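The values are calculated or read from the model by the stated rules, or taken from the named source; none is laboratory data. None of the values given here were measured: they were computed from a predicted structure. Note that we place each Cβ from the backbone using ideal geometry, even for glycine, and neighbour counts take in every protein chain shown. Accessible surface areas use protein heavy atoms only, side chains included; no ligands, DNA or RNA. Shrake-Rupley method; radii C 1.70, N 1.55, O 1.52, S 1.80 Å.
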Amino acid sequence: MAVTDLPEFIRADGPDKVTGSGRYTADMTLTGQLVAKFKYGGVSHGRITRLDVTAARAIPGVFAVLTAADVPDVRYSYGLADRTLFATDIIRFEGEIVAAVAAINADIAQQALDAIELDIEMLEPVVDLEAAIADGAPLVHENIDSYEVTGDTPHSGNVATHSSISMGDAEAAMTNAATVVTSRYLADASHATPIEPRAVIAQWEGDKVTVWTSTQVPFDARAGVCETLELPTSKVRIIAPHLGGGFGGKCGAHFEPHIAALARVAKRPVKLVFSRWEEFIAPDRRREAMIIDVTTGVDADGHIVARTGEILLDNGAYMADSSFFAQAAAMHVAGPYVIPNVHIDAKLIYTNHQPSGSVRAPTAPQGCWAVESHTDEIAKAIGMDALEFRRKNIVTSASTGCVGQTYDEIGLDQCLELATTSAGWGTELPEGEALGISVGWWPSFAAPAGAYAKLHGDGTVQVITGASECGTGSVMTLRMLAADEIGIDETAIELIYQDTGAAPAGPGSSGSQTLFNHGRAVEKASQMVADQLRELAAAQLEANAGDIVLENGAASVAGSPAISIPIVELAAASETGELLGSAAADAIEWPEITGSTCLGEQGFSSWLAPQFSCHVARVRVDADTGVTRVLEVHAVHDSGTILNPVAAHGQVEGGVMMGVGQALTEGTRYDERGHQLNAGLLEYKLQTIADAPTITTQFVEIFTNNAGPRGAKGLAEAPNVATCGAVNNAIANATGVRVRQLPMTAERVWTAMNNPEAST
Amino acid sequence: MTMTIANSLDDVLSGLANGARPIAGGTDLVVGSRQGKGALPDHLIAIDRVHELATIDVGDAGTRIGSGVTHATLMTNPTVVDSFTAIADAAALVGSPATRNVGTIGGNVMNGSPAMDTGAPLVVLNARAELRTLESTRLVHLDELWVGPGRTSAQKNELCTALVIPQQPESSGSAYVRLEYRRTMEIAIVGAAAAITLDDGIIRSAHVALTAVAPTILTVEGLAPLIGKPVDETTLATVAELASEQAAPISDLRASERYRRQMIGVMASRAVDAAARRAGGETLSVPVNRALGVGAQS
Ligand SMILES: Cc1cc2nc3c(=O)[nH]c(=O)nc-3n(C[C@H](O)[C@H](O)[C@H](O)COP(=O)(O)OP(=O)(O)OC[C@H]3O[C@@H](n4cnc5c(N)ncnc54)[C@H](O)[C@@H]3O)c2cc1C
């Protein structure tokens, strides 16, 4: 069966989720289960002068109260080991956990929290990115030099890590440029906001703990529990029931160690379910605020000759998985353009805000928004059409991009043409309406992943994978791959997933890796089963195994479909009544680069199987109020081969909607002491289905070397990259003014229209 | 805590006399308590099954809209849509379909939020609240009912049984518009209702009231100069100016004081424009926010 003929079919978890028969972590109840609650620091920067839990422990019905004193003294985090499970001496953000309680019910757990005696000496909070790196700024981490460092994480003072891209001589080229344009953009922090709140249940049996948790990456959650509680891998099992979304925010280990520790002391199962307020303030993964300064020089023909940039990213109080963010942000501010001379510096800065971490295409929506707005500003400055300017400057097949990576066959130029044609670029629109273009890119990530495949005697198959299903469709696509390899119907394939006790390790649902990495492993494990079937069939059909075709549930010799053996018979006839395959995805070679990322290299200075996109947004701006509505988004993506069109369209539509939210309404507001002001869904405004624009999606399918299965690249994050930029350019085209802060709220649009100077 | 489900008006009034608090849709009371606005009362009496509270009756003294009428009914009921269109405009904007299916006009009015959407329409239509106890019934003007954010002058044992609205003169129209950042699950940032009566294209009477710009719904004063004028750019500018001047908005997460003040002018003039067009016989579909592309446009 040709790849493009793969049928569309319904996601296996769909009926469960739609009818309510599916169980999420918060739906589970274990016998004797206790309720967990956390005591938060409540201030963004302070020193604990007294912490006494004696009274809390004495309350009847309280089974455990834990502080830093009750867990191993382990400092952890990726890049810089800068944190502990519980605050030890310093509280560094309002949602930092000081203590955890487990009690018979929620009321008593609350009483226990209230009975904890906590005195805090207030310290000056670090809340401003520029002030944070000024001389004499208070330090978020006084003892940073004593922290263990992994990888290339150059840090000093409040700079958690620093990355730069350098190619050619940007300064000299800028001096010789015909036109130079400088822009500054500010992006507010935002949240992943999955509708399912984080929930964790831990239960010990002897010295083994099972943790049910709403994680996107069960193996990272396991690693977190093992590291912080000093447990061997074999003693910890993580199971994720159905996931109600994650959007990156549920990557990594979160609260699994705290709940496992509570359950061990309480000697009972313990369950945590976050409130919506906790969802906003406590998780260590939100989308970082940024200040982006970018300057570009173009020659007389409108070719970009140089770009310099400085990016400050708000890391918040701790490293989550943010150590590569500086590098990713620099790539986005360089953008998918041919620029011979580049110098971009990006600093990830500690503040007393909630930690930043993975949220769908981390750093990209803000970086792309800034640089695509800037791109339109350049085009305007030289009097060139925004489409024409991009045609002249974007990377195409065989061209060399900002870090000196020369691309294979890529489809950005096609994305640009298709999206602008689809939107009708250049046609007259009603008053108040306009189109805006934005191009974006995002890498694919190669990581180790394994898979098992089992063909049972009854002809059904189990595929056991470390992949997770947070909405991206792995429950469909991984089954399609296995079905295609083994030659049986997808419905005969059962996926076992989200259980570290069953599957080989893998990156779960993070970094658009499900198909890219788990898919390659599933394909290979399924091929091993298929190879055995071919051998068995070859013996019976007296042919070469290489000539056996597995199709429609039967094996036959190529060219003679009339004589065939049902696969179920072959499986049953095998020695053990089962055919087994187990495989790991092969390592992939990363492309070379000739420019330099001199500092802070976090493992992907070149971009493997890069994905490209162009979004064109059509907006209508109510000039009297600044209220902007996105009417249409035309999204065209080069994500390589599209194996599952249903899932692919779903990803693009979801990514665009998330982008519209970030563009218009989603932004965290802080007070001057670092407290979130809109930590709830009333004031943190997501888009609703009634706000959804008409989304027209197309794919440019180009076979890509070094890609995932059958030439597929990733796709879950890419659709979230370009929308904000397209919306801003459309607003600028509709109003004649440029909004320089994300989200581009009605008031900010109105302010820009009425008082351009006052709009930052 | 107890919760009693009332089957009749008498059940409710007796319950209130014994200190219970009425709960209609619960979309303010229960959601507010979950958000930490205050514990639920010790004794609740559910009034949503009392059918006599859920009727709309047209009589000589005007139209009586039962306090238990839901927003979903208000936005589609022909009497409301034809004669008191501003109320339908407002009801159609409330929350989401789920909120509108259970949320009631009585709950909206008695909750007393300055951001309540049916408040300004009721004010410009000169509605009065019917308050009943076991012993008495009285009609109260809304500007006397609302005394502050979340506070009414009703006694604890008084049930709001209906909103009573006088018959509007010939050639009248009303409209409610609000500023909103998204199209559902929104709360009024600012809003304005207008009721206009025309005489051959000339304004004979004009009432404007404002949402979310003061501790309670604010009636715009000084509209007399509009009487006898056509609805044109000058009159609309006057309305905008008066509304902006009289508003006492705050700065909060939803908007700055400055923006709110400007926007209330825009909303007030749009409400007057839409009300006048309806008074002139034009059909503007409900909610007028969508029909005119106001706020989060269609
Ligand atoms: C998601 C969501 C969105 C919302 N959006 C909007 C919106 O857009 N616009 C808006 O205006 N509101 C909105 N609201 C608020 C609320 O839905 C409305 O105010 C609704 O009309 C309240 O009616 P209810 O029947 O649910 O009141 P309840 O919650 O039952 O009662 C509210 C208060 O009024 C009292 N009460 C109720 N009925 C009577 C009565 N007959 N006599 C005396 N006292 C009474 C109760 O004791 C309580 O104090 C929203 C609420 C939610 C949850």
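Tell me the total accessible area that B and A bury against each other, 1.4 angstrom probe, in square angstrom rounded to 100.
Heavy-atom accessible area buried at this interface is about 2200 Å².
Chain A: longest stretch without exposed trypsin sites (Lys or Arg not before Pro) (DSSP loop, at most 13 other Cβ within 10 Å), sites themselves excluded?
That gives A:268-760 as the longest site-free run.
For q values of 0.12, 0.14, 0.15 Å⁻¹, compute log₁₀ I(q)/I(0) with the Debye formula on a Cα-only model of chain B, without solvent.
-0.72, -0.98, -1.11
Given +1 on the Cβ of Lys and Arg, -1 on the Cβ of Asp and Glu, and no further charges, what dipole in debye does chain B carry about its Cα centre, rounded to the nearest 20? Let's see the in-between values first.
Numbers: 24 positive and 30 negative charges, 169 e Å.
For this selection, approximately 820 debye.
Run the numbers for residue A:301 and residue A:52: contour at 0.36 nm per residue of separation, minus the present Cα-Cα distance, in nm.
Taking 0.36 nm per residue and subtracting the Cα distance, the gain is 82.6 nm.
Alpha carbon centre of the range A:252-271 versus the range A:657-736: separation in Å?
Cα centroid to Cα centroid, the span is 35 Å.
Using protein chains only and a probe of 1.4 angstrom, how many square angstrom of residue A:229 are accessible, to the nearest 10?
Its heavy atoms expose roughly 10 Å² to the probe.
Straight distance only, please: which aspartates and glutamates reach the Cα of residue A:524 with their own Cα at less than 16 Å, same-chain residues fewer than 8 apart left out?
A:484, A:485, A:586
Quick one: of the DSSP bridges fully inside the range A:282-349, what percent are antiparallel, nearest 5?
50
So if R0 is 22 Å, what FRET efficiency would residue B:252 and residue A:277 give, r being the distance between their Cβ atoms, rounded to the nearest 0.05?
Working: r = 18 Å, r/R0 = 0.81.
The computed FRET efficiency comes out at 0.80.
Only Cα pairs under 8 Å and at least 6 apart count here; give the relative contact order of chain A as a rounded whole percent.
Result for chain A is 15 percent.
Which value, in Å² and to the nearest 10, is the accessible area of residue B:14 when all protein chains are kept and the probe is 1.4 Å?
The accessible area comes out at roughly 40 Å².
Dipole of the protein assembly as shown, Cα-centred, from +1 at each Lys and Arg C-beta and -1 at each Asp and Glu C-beta, to the nearest 20 debye?
The dipole of the protein assembly as shown has a size of about 2100 debye.
May I ask you to work out the translational diffusion coefficient for chain A at 25 °C, viscosity 0.890 mPa s, via Stokes-Einstein with Rh from the Kirkwood sum over Cα pairs, reported in whole µm²/s? Intermediate results must be reported in sequence, preceding the final value.
On the way: Rh = 27.1 Å.
Result for D is 91 µm²/s.
Order the peptides A:363-371, A:655-663 from the highest to the lowest mean number of other Cβ atoms within 10 Å of their residues.
In descending order of packing, they fall as A:363-371, A:655-663.
Classify the range A:12-62 from the C-alpha gyration tensor, please: rounded if a/c falls under 1.5, else prolate or oblate depending on whether a/b exceeds b/c. Write down the numbers at each step before the final one.
Values: a/c = 6.87, a/b = 2.00, b/c = 3.43.
Here the range A:12-62 falls in the oblate category.
Under the rule that an exposed site lies in a DSSP loop and has at most 14 other Cβ atoms within 10 Å, name the longest stretch of chain B with no trypsin sites (Lys or Arg not before Pro) of that kind, not counting the sites themselves.
The longest uninterrupted stretch comes out as B:157-298.
What number, in percent, do you get for the relative contact order of chain B if the mean sequence gap of Cα pairs under 8 Å and at least 6 apart is divided by its residue count?
17
If you place +1 on the Cβ of every Lys and Arg and -1 on the Cβ of every Asp and Glu, how big does the dipole about the Cα centre of the range A:664-754 come out, in debye to the nearest 20?
Values: 8 positive and 8 negative charges, 44 e Å.
Dipole magnitude for the range A:664-754 comes out near 220 debye.
When only DSSP loop residues count, what GluC sites (Glu not before Pro) in the range B:172-221 have their Cβ near at most 16 other Cβ atoms within 10 Å?
B:221
Among A:291, A:625, A:32, whose Cα projects farthest towards the positive end of the dipole of chain A, with charges put on the beta-carbon of Lys, Arg (+1) and Asp, Glu (-1)?
A:32
With just the Cα atoms defining each centre, how far is the range A:508-569 from the range B:1-67? Give it in Å.
What the calculation gives is 66 Å, centre to centre.
Restricting to Cα atoms and excluding each atom paired with itself, what does the Kirkwood estimate give for the range A:432-494 in Å?
The answer is 14.5 Å.
Hydropathy first: keep DSSP H helices in chain A averaging at least -0.5 on Kyte-Doolittle, then drop any whose Cα extent along the axis falls short of 27 Å, and list what survives.
Membrane-span-like by this rule: A:520-541, A:645-664.
For chain A, what is the calculated [θ] at 222 nm in deg cm²/dmol (nearest 500), taking -39500 (n - 2.57) for each run of four or more DSSP H residues and dividing by its residue count?
-7500 deg cm²/dmol
From the residues A:219, A:282, A:492, which one has its Cα farthest along the dipole of chain A in the positive direction, the dipole being from +1 and -1 charges on Cβ of Lys/Arg and Asp/Glu about the Cα centre?
A:282
Can you tell me the accessible area per residue over the range B:95-151, all protein chains present, probe 1.4 angstrom, in square angstrom?
Numbers: 2250 Å² over 57 residues.
Spelled out: the 1.4 Å probe surface of the range B:95-151, per residue, equals 40 Å².
Just need the relative contact order of the range B:172-292 here, percent rounded to a whole number, with Cα pairs under 8 Å and 6+ apart.
33
Please give the calculated 222 nm ellipticity per residue for chain B, where each DSSP H segment of at least 4 residues contributes -39500 (n - 2.57) and the sum is spread over every residue; nearest 500 deg cm²/dmol?
Numbers: 12 runs with 99 residues, N = 298.
Value at 222 nm, helices only: -9000 deg cm²/dmol.
What percentage of the solvent-accessible surface of the protein assembly as shown, computed with a 1.4 Å probe over protein heavy atoms, is contributed by carbon and sulfur atoms?
Numbers: 18920 of 38100 Å².
In the protein assembly as shown, the share of accessible area belonging to carbon and sulfur is 50 percent.
When a/c reaches 1.5 or more, the comparison of a/b and b/c decides; with that in mind, is the range B:1-100 rounded, prolate or oblate per its Cα gyration tensor?
Judged from the Cα gyration tensor, the range B:1-100 comes out oblate (a/c at least 1.5, b/c at or above a/b).
What's the average, rounded to a whole number, of partner chain beta-carbon atoms within 10 Å of each residue's beta-carbon in A:747-755?
3
Grab the beta carbon distance between residue A:74 and residue A:31, set R0 = 25 Å, and tell me the FRET efficiency rounded to 0.05. Before the final figure, lay out each step's value.
Numbers: r = 31 Å, r/R0 = 1.24.
Step by step, r from the Cβ atoms, then E = 0.20.
Accessible area per residue for the range B:179-291 in Å², computed with a 1.4 Å probe and the full protein assembly in place, what is it?
Here the per-residue accessible area is 38 Å².
Cα atoms only, the range A:533-684: Rg and Dmax in Å?
When restricted to the Cα atoms of the range A:533-684, Rg and Dmax are 27.4, 80 Å.
Based on the alpha-carbon gyration tensor of the range A:647-760, what equivalent-ellipsoid semi-axes (square roots of 5 times the eigenvalues) come out, in whole Å, largest first?
Semi-axes, largest first: 32, 18, 14 Å.
Under 10 Å, Cα contacts only: if you run a Gaussian network model on chain B, which one of B:39, B:129, B:54 comes out with the highest mean-square fluctuation?
Checking each option, the largest mean-square fluctuation is seen for B:39.
On the principal axes of its Cα set, how long, how wide and how thick is the range B:172-292? Give whole Å, largest value first.
Taking max minus min along each principal axis of the Cα atoms, the range B:172-292 gives 44, 29, 23 Å.
Can you find, among A:174, B:264, A:74, the residue farthest towards the positive end of the dipole of the protein assembly as shown? Put +1 on the C-beta of Lys and Arg, -1 on that of Asp and Glu.
B:264
Which lysines have a Cα less than 24 Å from the Cα of residue A:380, not counting those fewer than 8 places away in the same chain?
Cross-link targets: A:392.
Return the subset of A:39/A:271; A:250/A:454; A:235/A:271; A:208/A:271; A:17/A:235; A:208/A:454 for which the Cα-Cα distance in this structure is over 23 Å, preserving the input order.
A:250/A:454; A:17/A:235; A:208/A:454
If you add up the charges near residue A:379, with Lys and Arg at +1 and Asp and Glu at -1, over every other residue whose beta carbon is less than 9 angstrom from its beta carbon, what do you get?
-2
Could you rank the peptides B:67-78, A:135-146 by their average count of other C-beta atoms within 10 Å per residue, with the highest value first?
Working: B:67-78: 21.4, A:135-146: 13.2.
For the peptides B:67-78, A:135-146, the packing ranking is B:67-78, A:135-146.
Please state, rounded to one decimal and in Å, the Kirkwood hydrodynamic radius that the range A:497-580 gives when every pair of distinct Cα atoms enters the mean of 1/r.
Across the range A:497-580, the inverse of the average 1/r is 14.4 Å.
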